[in-house]
1. Being over 24 Å from P201 (Cα atoms) and surrounded by fewer than 18 Cβ atoms within 10 Å (Cβ to Cβ) is the filter here, so list the residues in region 496-529 that pass it.
2. Regarding Q573, is this residue open to solvent by 20 Å² or more (accessible area, probe 1.4 Å) and not assigned by the TED database to the domain that holds T359?
3. Output yes when any residue across region 183-190 is within 22 Å of T94 (Cβ to Cβ), open to solvent by less than 40 Å² (accessible area, probe 1.4 Å) and at pLDDT 95 or above, and no when none is.
4. Does K192 satisfy the condition of being basic (K, R), over 30 Å from D461 (Cα atoms) and more than 28 Å from the chain's Cα centre (by Cα)?
5. Can you confirm whether region 530-541 contains a residue that is in the same structural domain as Q438 (by the TED database), in a helix (DSSP H, G or I) and crowded, with 21+ Cβ neighbours inside 10 Å?
6. Does K358 satisfy the condition of being assigned by the TED database to the domain that holds A537, in contact with a strand residue (DSSP E or B) (Cβ under 8 Å, 6 or more places away or on another chain) and surrounded by fewer than 19 Cβ atoms within 10 Å (Cβ to Cβ)?
7. Please go through region 450-476 and give me each residue that is farther than 19 Å from A500 by Cβ and among the hydroxyl-bearing types (S, T, Y), ordered by number.
Amino acid sequence: MRFDLTIDRAVGGGLPVLTKGNTMRTRFRSLRCLSACLLAGALVAAGSMGGAGVARASGGDDVAESSASSAPAAKGNVLRIATSGFVDSFNPFTSIYLLPTNSIRYMYESLVANDQKDGSPTKGLADSWKATEGGRTWTYTMQDGLTWSDGKPITSADVKYTFDQMLKNPDLGEANGNLVTNFASVDAPDDKTLVIHLKTPQAPNPGTEIPIVPKHIWEKVKDPAKFANDTNTVVSGPLQLTGYKANQRITFRTNPKYWRGAPKYDGVQYIYYTNSDAQVQALRSGDVDFVTGLSSTQFNALKGAKGITTHSGVGRRYTALSINVGMQTRDGKAFGTGAAALKDVKVRQALRQAIDNKTLVAKVLSGQGTAATSFIPSSFPKWSLPASDPAIVKYDPAAAKKTLEADGWKAGPDGIRVKNGQKLSLRLMADSGEPDEQNASEYLKPWLKAVGVDLKVESTDADTVSAKSIKGDYDLYFSGWSVNPDPDYQLGINTCSNRAQRTDGSGGTSQDGYCSAAYDKLYAQQRSEQDEAGRRAVVKKMLELNYTDTAQIAMWYKNSLEAYRSDRFTGFQLQPASNGIIANQAGYWGFLSIAPVSGSDNDSESHTGLIVGGIVAAVIVIAGVVYLVVRRRRADETE
């Protein structure tokens, strides 16, 4: 609720107070004071009711904004999830951001899914598959009786249509195009059979990770690359997107035609909050049912809270300092505003030597994570670069100084290094709504200054971070990706051919704008290597090369810190099954099997809101009565 015109929000105290500078005429002062006192009293009462739920998890003095969204309350057994996630679109061909891509996993089945237990390939739209010609040809048999949410049958023609669009139109390969670069052609000889012919033998199953769209819907879209796909969706997964309003809400209903069986609840609603403390507050007060991406402080503050269960799982996400190495399109046209100094690999390597990942994990994450080595998290031990790898360098500020000194960067009068008249001053873009990024910045700035690098931290909102990073308008920024059980996709978005097609940064998906001919050669080699041990050896070389080239500095693999209203919903599933995560899985298992708790009131309308609304309504009625009494008295006096 906002009271911009009549009430200021008290800093620190959490209760609204009357504004100063009342300009009402004296003859109405007594009435106004009475009404205001009643209103203030009502708000105090409301605050006392909701006060137990007010989170102070951040330890800050500011009161969290608790009602950033004006989303109407969803009805029925709807799981309400707090979010501040960025949405580019719900187009499975082009969307790359975490919130929409995870939503898309719930909307569209792939030909082959990632198993809940361990992420291995399992039944999706395809019932079975086989690889022949040493992995050059893959033949899939579709399941019987599958239908889209509108009742139309799902056939191999839908799969062929999806793959063909990505092969024919580069703009439709923006999200997952690197997964079809080895495709020679796709055949659908009958409704149940799909054949993928590859250019070279391939080890990773080519049927994974690509959402299959309904041909009968998408072939009627004039420009599929610009299709937002945020209303009247037709889906094959457990959830159907029914409404989206930017920065307010995303609404899904369950799909009764889903092949694994309709979920046991009515839908999901994402509700936007201005910051993570507000999300915590909303969970405590019962305004939402699920929160993820908690800071360790917030997580610890929620432990033991009545009706709330907390969960810390080993995540599949890394966080890195992405470095602008000099952004270029795939045909070599430069774009962006990256500092020239960062094109120098010695400068980038010195930055790595000056950053202490272990301290960041201990201080920023309170130990809820692991120091990172590369962009493949340690939760995938088969593929991740071990900390003992000879390519890994230790935190060593003295070595960082020597690296810069040898590279010609000399300390100036203020301690900041200079080379050819250029000061070593860099910009770090940080999301103002992410406590981890803000806290990490407080460590990075003095660490880099100690070796002669001036770091200017520029805090801004998530939307701006997204827009500027795509355009290459940064020197450094906090980046991160959720990695799939098979690393092929993540490895692929570091190849030269996956960079942007245009100088506005569009038309491609590149992790850091990295490009290396040697890396690209290894990428092709690992993709074709049929022996897993041999493939792992090649992947290790790729990670070592990327590490040494230092297009990014991977800092940590944070545990996924989540909390939910266990007094309202039960049955959340982890992926992997052992110590895995609920949200942001490489699949749709987390919310698939949830069910309302027996006897709970799961009507999604906020109880706190009802209480506050009732009190305010009562105050208005009382104030109106008082006003009429006073008015009547004045009328009696003048008549």
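1. Scanning region 496-529 gives Q501, R502, T503, D504, S506.
2. Against the criterion (open to solvent by 20 Å² or more (accessible area, probe 1.4 Å) and not assigned by the TED database to the domain that holds T359), Q573 qualifies.
3. Just the residues of region 183-190 that are within 22 Å of T94 (Cβ to Cβ), to begin with: 183, 186.
From what is left, the residues that are open to solvent by less than 40 Å² (accessible area, probe 1.4 Å) are 183, 186.
So of that shortlist, the ones also at pLDDT 95 or above come out as 183, 186.
Yes, that holds for at least one residue.
4. yes
5. Within region 530-541, one or more residues are in the same structural domain as Q438 (by the TED database), in a helix (DSSP H, G or I) and crowded, with 21+ Cβ neighbours inside 10 Å.
6. It is true that K358 is assigned by the TED database to the domain that holds A537, in contact with a strand residue (DSSP E or B) (Cβ under 8 Å, 6 or more places away or on another chain) and surrounded by fewer than 19 Cβ atoms within 10 Å (Cβ to Cβ).
7. Scanning region 450-476 gives S459, T460.
For every residue, the table says whether it meets (1) assigned to a loop (DSSP other than H, G, I, E, B); (2) modelled with pLDDT of 95 or more; (3) over 25 Å from A225 (Cα atoms).
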residue	(1), (2), (3)
K75	yes, no, yes
V78	no, yes, yes
I81	no, yes, yes
P92	yes, yes, no
I96	yes, no, no
L99	no, no, no
Y106	no, yes, no
A113	no, yes, no
T122	no, yes, yes
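The values are calculated or read from the model by the stated rules, or taken from the named source; none is laboratory data. As the structure is a prediction and not an experimental result, all values here were calculated from the model. Backbone-built Cβ (ideal geometry, glycine too); neighbour counts: all protein chains shown. What goes into the accessible areas is simple: the full protein's heavy atoms, side chains included, and nothing from ligands, DNA or RNA. Shrake-Rupley method; radii C 1.70, N 1.55, O 1.52, S 1.80 Å.
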